Amino acid sequence: MSSRHGFETRQIHAGSTGPNPEKALNPPIFMTSTFTFDSIAAVDDVMSFRSDDYVYTRGNNPTLRLFENRMADLENGVGAVAFASGMAAISSTLFSLLKPGDSVVAHKTLYGSSHSVITTLLPRYGIRSIIADLTLPGELERKADTSTKLVYFETPANPDLSIIDIRQIAEQAAAIGAKVVVDNTFATPFLQRPLDLGAFAVVHSATKYLCGHGDVLGGVTVSKDMDYIHELKFGYMCEFGGTMSPFNAWLLLRGMKTLSLRMERHQENAGKVAEFLLQHPKVSKVLYPGLTDHPGHETAKKQMSGFGAMISFEVAGDLSATSRVVDAMKLPALAVSLGDCETLVELPAAMTHRGYDREHLAEFGLTESMIRLSIGLESVVDIIGDLEQALGRLP
């Protein structure tokens, strides 16, 4: 598939190497644990990487390879590695790029499990974590030191939707000999491509928008460095064993065919919901990059082709008041995760980010009164109507 083709064409066709078996429209699911050889000579060719034939699904599989090739194409990378979950991709990528004695600079606001890996697990292996506010000018130069080999962040960040200037951070990191890894889950390659802005690698929880239907666990890492991709696949994914199921890869390929259509509707709805919340008297704060008063609005306009569909907002009152609003919602499902057709709602402090030090939530862009919405594909009139009746429960 040529890069001259549009994103919408590539999300359907990229990565395919020829007709499917039996002239099937859709690729088959290669649901096998192992593959056979014609001879010992063929075994030697594969084991020595002179052939790209298959050995064992933990190392590679035709369905996984098609998903990896399509993701690499959509992110403008040269290769990708599929993982069993987003956290398998994130943790393997971190471990592959760091060694004892190194340090990693991470943005202060991250998905809870990513924060735990960086601040709790990596230090057990002699890797120091440095938490910084990467939205501040000069912050990376102030916090990094000679041991810093990696800068890690999400943009938009989960759950405060902070926006980090990828190109600026990548240039600053390069000056000190560090690589940049960006979690692109919220934006997807349809709205943002970090590799084009200088990132070394991009990671996704494929469970979210790439799947789009709430029925898959998966993760993926993409890079423009094929040597690194080879090392990540066979030195970390394969050896750690975080292998994606061929069935999940097939479901992801199916979901990705409609990624652009879904993202367009998701963010169209989100923009209208954000404007509604901004005007509501019971809402004290709205965090959405598409709002002109969002501190990262201009940066988002520069590096994204849209603002996404995640919204966080706060209501006046404590956790009990926030809980009252969430419990009163009828249309959104109360659940962790995001990016599904259904609108989802959660309280980060009590759910996805409960591992953060509660005494310092505000320092990390979190409060107990924050509500996070993943805006779905329902009628936006119905979404807003339900939010209006739920907020009406507040005094």
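Miscellaneous remarks
- Residue count for region 75-108, restricted to those that are open to solvent by less than 30 Å² (accessible area, probe 1.4 Å) and either under 9 Å from THR221 (Cβ atoms) or more than 14 Å from the chain's Cα centre (by Cα) (or both): 19.
- Which numbered condition LYS272 fails, given (1) of a type outside the set (Asp, Glu); (2) part of a helix (DSSP H, G or I); (3) more than 27 Å from GLY290 (Cβ to Cβ); (4) open to solvent by 40 Å² or more (accessible area, probe 1.4 Å): (3)
- Which listed residue, of GLY18, GLY6, is over 23 Å from THR243 (Cβ atoms), surrounded by fewer than 18 Cβ atoms within 10 Å (Cβ to Cβ) and modelled with pLDDT of 95 or more: GLY6
- Residues in region 63-84 include at least one that is among the β-branched types (Val, Ile, Thr) and within 30 Å of ARG128 (Cβ to Cβ).
- Condition met for GLU388 (open to solvent by 40 Å² or more (accessible area, probe 1.4 Å) and at pLDDT 95 or above): yes
- Scan of region 282-298 for residues that are among the hydroxyl-bearing types (Ser, Thr, Tyr) and open to solvent by less than 60 Å² (accessible area, probe 1.4 Å), ordered by number: TYR288
- Test: residue in region 22-29 that is open to solvent by less than 10 Å² (accessible area, probe 1.4 Å) and either among the aromatic types (Phe, Trp, Tyr) or not in a loop (DSSP other than H, G, I, E, B) (or both): no
- For region 345-360, the set of residues classified as open to solvent by 10 Å² or more (accessible area, probe 1.4 Å) and either over 23 Å from PRO281 (Cα atoms) or at pLDDT 95 or above (or both) consists of ALA350, MET351, THR352, ARG354, GLY355, ASP357, ARG358, GLU359, HIS360, listed by residue number.
- At least 1 residues being under 16 Å from PHE240 (Cβ atoms) and touching a helix residue (DSSP H, G or I) at 6+ places or on another chain (Cβ under 9 Å) is the threshold, and among the strands (runs of 3 or more DSSP E) wholly inside region 49-162 those reaching it are 79-83.
- Residue match in region 304-316 (condition: without any contact (Cβ under 8 Å) to a residue 60 or more places away in the chain, in a helix (DSSP H, G or I) and open to solvent by 20 Å² or more (accessible area, probe 1.4 Å)): no
- Listed by first and then second residue, the pairs linking a residue in region 366-378 that is of a type in the set (Ser, Thr, Tyr) to a residue that is in a strand (DSSP E or B), with Cβ atoms under 7 Å apart and 6 or more places separating them unless they lie on different chains, are THR367/GLU314; SER369/GLU314; SER369/VAL315; SER374/MET310; SER374/LEU344.
- For region 1-21, taking the residues that are assigned to a loop (DSSP other than H, G, I, E, B) and touching a residue at least 60 places away in the same chain (Cβ under 8 Å), the one that is nearest to MET256 (Cα to Cα) is identified as ALA14.
- Being among the β-branched types (Val, Ile, Thr), closer than 17 Å to ALA201 by Cα and out of contact with any strand residue (DSSP E or B) (no Cβ under 6 Å at 6 or more places or on another chain) holds for only one residue in VAL78, VAL117, and it is VAL78.
Here's the yes/no breakdown for (1) part of a helix (DSSP H, G or I); (2) over 23 Å from LEU338 (Cβ atoms); (3) without any contact (Cβ under 8 Å) to a residue 12 or more places away in the chain:
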{"position": "GLY177", "(1), (2), (3)": "no, yes, no"}
{"position": "VAL180", "(1), (2), (3)": "no, yes, no"}
{"position": "VAL202", "(1), (2), (3)": "no, no, no"}
{"position": "LYS208", "(1), (2), (3)": "no, no, no"}
{"position": "THR221", "(1), (2), (3)": "no, no, no"}
{"position": "GLU231", "(1), (2), (3)": "yes, yes, no"}
{"position": "MET237", "(1), (2), (3)": "yes, yes, no"}
{"position": "PHE247", "(1), (2), (3)": "yes, no, no"}
{"position": "LEU251", "(1), (2), (3)": "yes, no, no"}
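- Restricting region 110-134 to residues that are crowded, with 21+ Cβ neighbours inside 10 Å and not aliphatic (A, V, I, L, M), the residue that is farthest from PRO189 (Cα to Cα): HIS115
The values are calculated or read from the model by the stated rules, or taken from the named source; none is laboratory data. Computed from a prediction, not measured in an experiment: that's the story for all the values here. Every residue, glycine among them, receives a Cβ derived from its backbone with ideal geometry; neighbour counts consider all protein chains shown. The accessibility values were calculated without ligands, DNA or RNA, using every heavy atom of the protein model including side chains. Shrake-Rupley method; radii C 1.70, N 1.55, O 1.52, S 1.80 Å.
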